[in-house]
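Trainee: I am attaching a structure below and will ask some questions about it afterwards.
The values are calculated or read from the model by the stated rules, or taken from the named source; none is laboratory data. Remember, predicted model here, so these are calculated numbers, not experimental data. Here Cβ is always computed from backbone atoms with ideal geometry, including for glycine, and neighbour counts include all displayed protein chains.
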Amino acid sequence: MTKTVALESTVIAHGLPRPLNVQVAQQLEILARAKGCEPKTIAIVEGHVKVGITLEELVQLGMRDDVMKVGVAEIPVALAKRAWAATTVSATVRIASMCGVEIFATGGIGGVHSIEEWDVSQDLLELSRTRMIVVCAGPKSLLDLKATAEMLETLQVTVVGYRTDRLPAFYVREVGVPVLRVDDVSEIVAIYSAKCKLDLPGSVLVLNPIPNEYEIPAEQLLEWDKIAKEELRKANIEGKAVTPFLLAKLAEISNGKTVRSNIELLKNNVSLACDIANELARYNVPS
Ligand code: PSU
Ligand code: MN
């Protein structure tokens, strides 16, 4: 029984500062192996889709300046250009699914930005199309969280909160938006299996709150977010560069606090994804 867990590469190439990004990516793979799973970090190397990259490729991906950020829509462009590219949640889900992988751990998903800067991530559409168990710490706090939750519902994505009945939002353990709660991994596997049996398209999105000790107080974050967004406006940045810019700004303003929290929630998500993978392997063994 396969116990592969997919990992994404945008967080490495565009989400965390160098050279920490490469170290974190390695740590996540080590953590998955220690839990008896096979991690596959997904990326595009010189126009080739890789499901599992070597250490050398990982270092390049983390250190080069010419790494594209690709969602599903841009995968063909990266291939045609023979480019290096980091895959977002949408691209990682699609590629992993093509290769028969069923579980994917990430940090945060994209979502719906505030109405003034109208921008809806491809991640949401992909989650509604492709069957996968996706473990994340919620949508980025910079998004319109209520709109993101509503959009997930509209798109028929199965969303569950792991040991929470409120939406976690990345650095924050919960915000006011209600979600359906699950309390153990066997429940998640049962939900996924039911989805498969009914042949319903789309993912089961597992929202795993950041560990208590690494949570950033909501008021503090709001303040930092405001400053980062103001800087974004001044810098005149648009499109795909928005998230990487804001994450880097938050890291700067918070004196590295957001980076530490980001790393810890990633580890927490990989750990839960492995527990789910192991449970799924047990579930699938004919008795
Ligand atoms: N949230 C983070 N860090 C990230 C991302 C999201 O806190 O690095 C990445 C993920 O790869 C996600 C992508 O899929 O950003 C969404 O980008 P966009 O909003 O441009 O679709
Ligand atoms: Mn976008």
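Trainee: Residues being surrounded by 13 or more Cβ atoms within 10 Å (Cβ to Cβ) and either over 26 Å from T87 (Cα atoms) or away from ligand 1 (no atom under 13 Å from the Cβ) (or both): count how many of those fall in the stretch 233-255.
Mentor: Qualifying residue count for the region: 3.
Trainee: Would you pick out the residues in the stretch 100-135 that are away from ligand 2 (no atom under 11 Å from the Cβ) and either aromatic (F, W, Y) or in contact with a helix residue (DSSP H, G or I) (Cβ under 6 Å, 6 or more places away or on another chain) (or both)?
Mentor: The answer is I103, F104, A105, T106, G107, I109, E126, T130, M132, I133, V135.
Trainee: Taking the stretch 96-128, which residues are within 11 Å of ligand 1 (Cβ to nearest atom) and in a loop (DSSP other than H, G, I, E, B)?
Mentor: T106, G107, G108, G110, G111, H113, D119, S121
Trainee: When you scan the stretch 137-144, do you find a residue that is modelled with pLDDT of 95 or more, under 19 Å from L265 (Cα atoms) and of a type in the set (A, V, I, L, M), even just one?
Mentor: Yes, there is a match, as at least one residue in the stretch 137-144 is modelled with pLDDT of 95 or more, under 19 Å from L265 (Cα atoms) and of a type in the set (A, V, I, L, M).
Trainee: All but one of (1) within 13 Å of ligand 1 (Cβ to nearest atom); (2) over 28 Å from I30 (Cβ atoms); (3) at pLDDT 95 or above hold for A80; state the number of the condition that does not hold.
Mentor: (1)
Trainee: State whether one or more residues within the stretch 228-239 are of a type in the set (A, V, I, L, M) and touching a residue at least 40 places away in the same chain (Cβ under 8 Å).
Mentor: Checked the stretch 228-239: at least one residue is of a type in the set (A, V, I, L, M) and touching a residue at least 40 places away in the same chain (Cβ under 8 Å).
Trainee: Applying the selection to the stretch 208-227, what residues are among the aliphatic types (A, V, I, L, M) and over 28 Å from V134 (Cα atoms)?
Mentor: Once the filter is applied, which keeps residues that are among the aliphatic types (A, V, I, L, M) and over 28 Å from V134 (Cα atoms), the stretch 208-227 yields only I227.
Trainee: It is to be established whether one or more residues within the stretch 72-85 are assigned to a loop (DSSP other than H, G, I, E, B) and touching a Ser or Thr at 6+ places or on another chain (Cβ under 6 Å).
Mentor: no
Trainee: Additional query: Where in the stretch 130-240 are there strands (runs of 3 or more DSSP E), lying wholly inside it, with at least 2 residues that are of a type outside the set (D, E) and within 21 Å of E8 (Cβ to Cβ)?
Mentor: Output list reads 133-136, 158-162, 204-207.
Trainee: Among (1) away from ligand 1 (no atom under 12 Å from the Cβ); (2) within 17 Å of K240 (Cα to Cα); (3) not small (G, A, S), which single condition is L55 missing?
Mentor: Of the numbered conditions (1) away from ligand 1 (no atom under 12 Å from the Cβ); (2) within 17 Å of K240 (Cα to Cα); (3) not small (G, A, S), the odd one out for L55 is (2).
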